[in-house]
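*Asks:* Following this message is one structure expressed as structure tokens.
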Amino acid sequence: MPEPLAYDRMVLCVVQDDDAGEYSNALREAGISHTRVASAGGFLQATNAVFVVALEASRLEELKELTARTCITRTELVTLPWTGEIDLSLPVEVEVGGAAMFVMKLEHAERL
């Protein structure tokens, strides 16, 4: 029977695709196991990645700092999709990037 893992937190971190490769490498170098899932959505319907991370609560601050250092915000010119109401075909400057972290208590984790 598998032994339970010592993790007590699960983090879902949504990262822009442009930062996902570097973020994955940074997690690996820090010894933080993770699973990367491709996704899309948000205001611009852009592709991104969701990282699923299980770790000890004592490493949350380390993960937060690593994420802030790796997943930077930037401005880009984008053309918003036409909604049928207002034609905004001119490019608009928007802030993209960064990360969204969702931290949850983890009752049980085991590797099968």
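The values are calculated or read from the model by the stated rules, or taken from the named source; none is laboratory data. Here the structure is a predicted model, which is why all the values come from computation and not from measurement. With ideal geometry, Cβ positions are generated from the backbone for all residues, glycine too; neighbour counts draw on all protein chains shown. SASA here: full protein model, heavy atoms, side chains in, ligands and nucleic acids out. Shrake-Rupley method; radii C 1.70, N 1.55, O 1.52, S 1.80 Å.
*Asks:* Of everything in region 47-103 that's open to solvent by 40 Å² or more (accessible area, probe 1.4 Å) and touching a Gly at 6+ places or on another chain (Cβ under 7 Å), which residue is modelled with the highest pLDDT?
*Replies:* 72
*Asks:* Name the single residue, out of those in region 22-42 being over 11 Å from the mean Cα position of the chain (by Cα) and modelled with pLDDT under 95, that is nearest to residue 103 (Cα to Cα).
*Replies:* 33
*Asks:* For region 1-33, name all the residues that are without any contact (Cβ under 8 Å) to a residue 40 or more places away in the chain and either under 14 Å from residue 60 (Cβ atoms) or touching an Asp or Glu at 6+ places or on another chain (Cβ under 8 Å) (or both).
*Replies:* Of everything in region 1-33, those that are without any contact (Cβ under 8 Å) to a residue 40 or more places away in the chain and either under 14 Å from residue 60 (Cβ atoms) or touching an Asp or Glu at 6+ places or on another chain (Cβ under 8 Å) (or both) turn out to be 27, 30, 32.
*Asks:* Which condition does residue 37 not pass, out of (1) open to solvent by less than 40 Å² (accessible area, probe 1.4 Å); (2) closer than 21 Å to residue 9 by Cα, if it passes all the others?
*Replies:* (1)
*Asks:* Here's another thing I want to ask about it. Every residue in region 47-77 that is closer than 15 Å to residue 97 by Cα, under 13 Å from the mean Cα position of the chain (by Cα) and part of a strand (DSSP E or B), please.
*Replies:* If the condition is that a residue be closer than 15 Å to residue 97 by Cα, under 13 Å from the mean Cα position of the chain (by Cα) and part of a strand (DSSP E or B), then 47, 48, 49, 50, 51, 73 are the ones that fit.
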